[in-house]
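**Q** This structure is in structure tokens; I'll ask about it shortly.
Bear in mind these aren't lab numbers, they're just calculated from the coordinates by the rules spelled out. Only a predicted model underlies this, so the values are computations on that prediction, with no experimental measurement involved. Methodologically, a virtual Cβ is constructed for each residue, glycine included, from the backbone with ideal geometry; neighbour enumeration extends over all protein chains shown.
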Amino acid sequence: MIVGPTQPGASDPSRNAAIREDLREAAEGFEAIMIRKMLETARAASFAEDTPLTGGGREQFEAMRDEHFAKVASQSGAFGFARSIEAQLAQYVTDRKGE
């Protein structure tokens, strides 16, 4: 839930901190989705032929590896998407005294 500067509770620092934490987690989750999609698209462009080492098991492993990499990358801020998303949305959460 995003709190605007004119809504009740907008000046409650503990509530704003909790909302910012939720916002950060959501932004990191979105970044992880974007990274997974980029990896999936890059892998789809592969020109490798089917071999005995390809198939369902390998595809499942690659999907799990991509998911793990995307989560780690988004939490570390390696790509910076989450940071940008959070910064853009945080302006609606911060306490704006005097308004």
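**Q** Could the peptides 12-20, 85-93 be put in order, highest first, of the mean number of other beta-carbon atoms found within 10 Å of their residues?
**A** Averaged packing, sorted descending, gives the order 85-93, 12-20.
**Q** Run the numbers for E62 and A42: contour at 0.36 nm per residue of separation, minus the present Cα-Cα distance, in nm.
**A** That works out to 6.0 nm of additional length.
**Q** Each residue of the stretch 18-32 in turn: what ³J(HN,Hα) in whole Hz from Karplus with 6.51, -1.76, 1.60 and θ = phi - 60°, glycine and Pro shown as x?
**A** Going residue by residue, I get 5, 5, 4, 5, 4, 5, 4, 5, 5, 5, 5, x, 5, 4, 4 Hz, with x marking Gly and Pro.
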